[in-house]
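**Q** Quick one: this structure, given as structure tokens, is what I'll be asking you about.
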Amino acid sequence: FDPERVYPFLAKLGVKRARVQTGWSRCEPARGVYDFTWLDEVVDNLLELGVLPWFNLGFGNQLYMPDAPHPSAVGCVPLYYGQETLDAWLCFVSTLAEHFAGRVREWEIWNEPNADCFWRPAAPNAKDYVHFVKLCSDCIRQKIPDAFIIGGATAGLLPVVLEEYLETGLGELIDAYSFHPYRSIPEWGYAE
């Protein structure tokens, strides 16, 4: 995806915020070697337009997850690949937060953790997700104390999932809950 094509339209539309995927494998192409050049360009261009970027942390890295079915390791949760992978992930999150401190304040933890295709190789579950949010938010807040943490990012607004997350302590860790409505009118069908 070439974001350069989008910037002129964002400026005309008056968009105020943009969700930006961080792509661990793209940012760490070799173990312990980080390159945020492409992400710097996205963030700086958005800020220049007056659009606040918020980061979504939601991709794995084949360097640490060789069995990932896609080069981006989308949906592969570092929590399930052993301590070395989890440590590498937390180092990435910490390094990312330090690098973007002062430019990115809003951080969304994972993408659609209630969907099998984005929470693997284990089945989606509230306990593991909330634990993962705690680990990630602690890393971020060590570098950006006033970070705004977004949790959930669920596929749909499912009261049962939301209740499980809240009962497991998610509300104590986040500043906002996000969900993906997948409707032409976002509120349609969500009366409950």
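**Q** Excluding residues fewer than 8 places away in the same chain, name every one of the lysines whose C-alpha is closer than 29 Å to that of K16.
**A** By straight Cα distance, K16 reaches K134, K143.
**Q** What residues of region 75-91 lie in the reach of a label at Q142, counting those whose backbone N is under 14 Å from a point 7 Å from the Cα along Cα→Cβ?
**A** Residues passing the 14 Å test: 86-91.
**Q** Using alpha carbon centroids, what distance separates region 118-192 and region 20-77, in Å?
**A** Centre-to-centre distance over Cα atoms comes out at 19 Å.
**Q** Return the long-range amide H neighbours of E108 (sequence gap of 5 or more, or a different chain), with a cut-off of under 5 Å between placed amide H atoms.
**A** F55, N56, L57, I150
**Q** Counting only protein chains, not ligands or nucleic acids, how are E4, E48 ordered by accessible area (probe 1.4 Å), most first?
**A** Heavy-atom accessible area, descending, gives E48, E4.
**Q** Need the full-extension length gain, T37 to E98, defined as separation in residues times 0.36 nm minus the C-alpha distance. One decimal, nm. Spell out each step's value before the answer.
**A** Numbers: separation 61, 0.36 × 61 = 21.96 nm, distance 1.45 nm.
In short, 20.5 nm is gained.
**Q** DSSP H helices in the chain with Cα extent of 18 Å or more along the helix axis and mean Kyte-Doolittle hydropathy at least 0.0?
**A** Qualifying helices: 83-100.
**Q** What net charge do the residues around I174 carry, taking every other residue with its C-beta under 13 Å from that of I174, with Lys and Arg at +1 and Asp and Glu at -1? Before the final figure, lay out the partial values.
**A** Values: positive: K134, R141; negative: E106, E108, D138, E172, D175.
Local charge sum for I174: -3.
**Q** Between S184 and K16, what is the label-point separation in nm under the 7 Å Cα-to-beta-carbon projection?
**A** The modelled label-to-label distance comes out at 2.6 nm.
The values are calculated or read from the model by the stated rules, or taken from the named source; none is laboratory data. Please read these numbers as outputs of a predicted model, since none were measured by experiment. We place every Cβ from the backbone using ideal geometry, glycine too, and count neighbours over all the protein chains shown. Ligands, DNA and RNA are excluded from the accessible area calculation, which covers all protein heavy atoms including side chains. Shrake-Rupley method; radii C 1.70, N 1.55, O 1.52, S 1.80 Å.
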